[in-house]
Amino acid sequence: MALFALAAAALAIALITWGDPLSVRLTFTTAIYALAVVAITLPPATVTSLLLFRTNLAGRSVLLTLLVIWLFIPIYVHIAGWRDLFGPQGWLEIPSPFDPSANLIDGWTGLLWLHSLAAFPWAVLITGMAFTRSLAGLEDDARLEITPLAVLAKVTLRQSWDAVLVAAAWIIVTVFGEMSIASVCNVRTYAEVVFTGIPLGQSTSESTLTIAPGTVLIVGLILLTAWLASGLRPSPTDVEVRRPKLLPLGHRRAVASLAVWALFLIALAPPIVGLVYKVGITIDQVDGQFVRGWSLAKVFTLTFSSASIYQKELSWTLVLCVTVAIVTTLIGLLLADLAARSRWGGWFVSLLCALLFALPGPIVGLTIAWGSNRPWLAPLAPLIDRSILNPVLAILTVTVPLVTFFYWHTLSASRQLYEMARVDGSSWWRTWTRVVLPANIPVIVAGSLIALVLAANDVSASVMVLPAGIDTISRRIFGLLHFGGEDNVAGILLMNLAMVAVLSVAIRRLVGWRGRSDFGDSVP
């Protein structure tokens with residue numbers, strides 16, 4: 001911990017010494033916001049993860065499906081739903097207790113709340129994956145002496161402090177890289193200022209001053225967190241292949257289940273209610289006066305008609321997402337296999353994904369735009385300016401790290417297949433193409449769907465490199481949110497949310513297939 005603190009202090013001193021005043025101020029301001037989001041999100045997420053992944057909660061399977069849906073809800077759905085309900089000109093407009101002239105879902109209060117909602121399911125998933133790898137034998141011994149809740153706190157959680165740190169680093173990275181919430185809530189953050197500087201005429205050389213400190217800070221944070229996490233995880237003396245059992249909560253099951261269900265409903269219900277309210281608003285003229293009402297029929301009509309209203313944007317989004325999903329699947333499988341076969345391969349893949357994670361979306365777009373406008377690339381100008389090449393490259397920086405880690409995690413149970421094939425004299429390529437890939441088709445398809453959903457939701461990375469005449473539904477919605485979420489915007493958001501829910505359920509079922517395989521007991 002002392003070495004970690006010294007390294008962090010050295011990194012801060014380097015930023016102050018070599019960074020320009022604007023970039024340093026934005027970096028530290030965004031860091032404060034990120035730490036506040038960590039403080040708000042991580043404690044309840046850790047408790048929820050322990051209860052959801054390691055106990056016999058009532059409706060646990062449904063809650064896991066809701067968690068997957070929550071993971072992939074686009075950030076602009078959270079923004080529009082909460083602002084339509086509680087934001088400026090919302091149904092139940094609530095003033096901020098810190099500034100009566102401002103709104104609660106605006107400014108820094110809205111920034112912290114919306115970022116916490118977006119980060120919560122990822123923190124639950126990251127810690128939950130670690131909790132399911134807990135040593136079953138150690139937990140069984142502890143249950144002979146202490147209660148199941150004490151086992152969770154003193155054994156399961158204590159073995160997985162590294163995952164809690166990784167979740168904290170993940171939250172900080174997302175706050176640094178996401179500019180949609182800050183832009184709508186009118187808060188100056190690192191990524192938001194880089195994004196707004198381009199439309200305001202800021203040159204590439206001027207933007208570079210704002211890029212370096214934040215990127216260095218995030219890369220350093222990821223590497224320091226990985227180093228500290230690897231030191232905190234206990235090294236077991238023997239390898240357990242048995243998955244730990246769910247711990248019974250006994251008479252506390254009803255209270256714990258009610259608490260987790262209430263948390264999910266509080267987080268997911270208001271934005272849906274806000275969107276349904278917004279899309280169903282009707283204004284009729286009665287006796288010369290405008291009367292405001294609400295119509296359920298309009299909700300269904302406008303939601304289903306959104307596909308035709310935004311047909312062009314949806315078509316380009318589908319083409320872009322399918323392309324990204326195919327490329328991401330191929331790259332993710334190769335990187336995951338490289339990481340699983342050797343320790344150095346694992347470090348290389350981890351470092352590569354950390355670097356991709358560390359780049360905020362606007363900086364990715366800015367870098368790709370700068371690199372593609374080189375004079376020696378003039379023969380490729382038609383391809384660059386009239387195709388989806390640049391948006392695909394930008395979105396790959398978002399999808400490749402996540403899908404790679406997903407494949408690395410899920411395919412790690414295939415080591416038994418590797419060993420059996422190696423005993424029979426099979427080569428690496430033959431084993432990978434004839435045994436591992438055919439045996440994991442549902443998982444591979446799930447990874448492709450994850451890349452598809454992430455590509456459809458992206459705004460930050462691709463918004464600055466979309467060629468003229470090519471627009472995506474996420475970019476269109478992001479632009480409309482700045483002018484207030486009208487009923488047609490709420491309609492396309494409801495349709496978007498429905499599609500995300502369908503794909504999330506499909507991903508959940510495909511991933512759940514691993515539990516029914518012949519190697520289910522050894523699946524992490």
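The values are calculated or read from the model by the stated rules, or taken from the named source; none is laboratory data. Not measured: the values here are computed from a predicted model. Every residue, glycine as well, gets a Cβ built from its backbone with ideal geometry; the counts of neighbours run over all protein chains shown. SASA here: full protein model, heavy atoms, side chains in, ligands and nucleic acids out. Shrake-Rupley method; radii C 1.70, N 1.55, O 1.52, S 1.80 Å.
Quick notes on this structure:
- All positions within the stretch 306-352 that are in a loop (DSSP other than H, G, I, E, B) and modelled with pLDDT of 90 or more: none
- Any hit, the stretch 142-153, residues being of a type in the set (Val, Ile, Thr), touching a Leu at 6+ places or on another chain (Cβ under 8 Å) and open to solvent by less than 30 Å² (accessible area, probe 1.4 Å): yes
- Whichever residue in the stretch 378-398 is farther than 30 Å from Val436 by Cβ and buried (at least 17 other Cβ atoms within 10 Å of the Cβ) and, among such residues, is farthest from the chain's Cα centre (by Cα): Ile384
- Taken together, Pro375, Pro401, Pro360 contain a single residue that is at pLDDT 75 or above, open to solvent by less than 20 Å² (accessible area, probe 1.4 Å) and farther than 18 Å from Ala468 by Cα, which is Pro401.
- Residue that is most open to solvent (accessible area, probe 1.4 Å) [pool: residues in the stretch 265-314 that are over 28 Å from Asn457 (Cβ atoms) and among the β-branched types (Val, Ile, Thr)]: Ile283
- Taken over the stretch 133-180, residues that are aliphatic (A, V, I, L, M), more than 14 Å from the chain's Cα centre (by Cα) and in a helix (DSSP H, G or I) amount to 13.
- Boolean, Val465 is on the phi < 0 side of the Ramachandran plot, in a loop (DSSP other than H, G, I, E, B) and modelled with pLDDT of 75 or more: yes
- Scope the stretch 50-89; condition of a type in the set (Lys, Arg), open to solvent by 30 Å² or more (accessible area, probe 1.4 Å) and either at pLDDT 90 or above or under 22 Å from Pro244 (Cβ atoms) (or both); matching residues: Arg60
- Failed item in (1) surrounded by fewer than 19 Cβ atoms within 10 Å (Cβ to Cβ); (2) assigned to a helix (DSSP H, G or I), with Ser101 passing the rest: (2)
- Pick from the stretch 509-524, criterion under 20 Å from the mean Cα position of the chain (by Cα) and crowded, with 18+ Cβ neighbours inside 10 Å, ranking: modelled with the highest pLDDT: Leu510
- Any chance Leu296 is out of contact with any Lys or Arg (no Cβ under 7 Å at 6 or more places or on another chain), more than 30 Å from Leu57 (Cα to Cα) and not charged (D, E, K, R): yes
- Considered as a group, the residues in the stretch 321-331 that are under 20 Å from Ile473 (Cα atoms) and in contact with a helix residue (DSSP H, G or I) (Cβ under 6 Å, 6 or more places away or on another chain) include one that is most open to solvent (accessible area, probe 1.4 Å), and that residue is Thr323.
- Candidates Glu206, Glu192, filtered to the one that is open to solvent by less than 10 Å² (accessible area, probe 1.4 Å) and either modelled with pLDDT of 80 or more or part of a helix (DSSP H, G or I) (or both): Glu192
- Matching residues in the stretch 332-351 - criterion: being open to solvent by 60 Å² or more (accessible area, probe 1.4 Å) and under 22 Å from Ala461 (Cβ atoms): Leu334, Leu351
Every residue, every condition in (1) in contact (Cβ under 8 Å) with a residue 24 or more places away in the chain; (2) among the acidic types (Asp, Glu); (3) in a helix (DSSP H, G or I), yes or no:
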position: Ala58; (1), (2), (3): yes, no, no
position: Leu66; (1), (2), (3): yes, no, yes
position: Ala80; (1), (2), (3): yes, no, yes
position: Thr109; (1), (2), (3): no, no, yes
position: Val124; (1), (2), (3): yes, no, yes
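- Checking Asp99, Asp162, Asp140 one by one, the residue that is at pLDDT below 85 and under 19 Å from Val38 (Cβ atoms) is Asp162 and no other.
- Members of the stretch 250-277 that are farther than 14 Å from Gly59 by Cα and more than 26 Å from the chain's Cα centre (by Cα): Gly250, His251, Arg252, Tyr277
- Test: Leu355 is under 29 Å from Ala169 (Cα atoms) and part of a helix (DSSP H, G or I): yes
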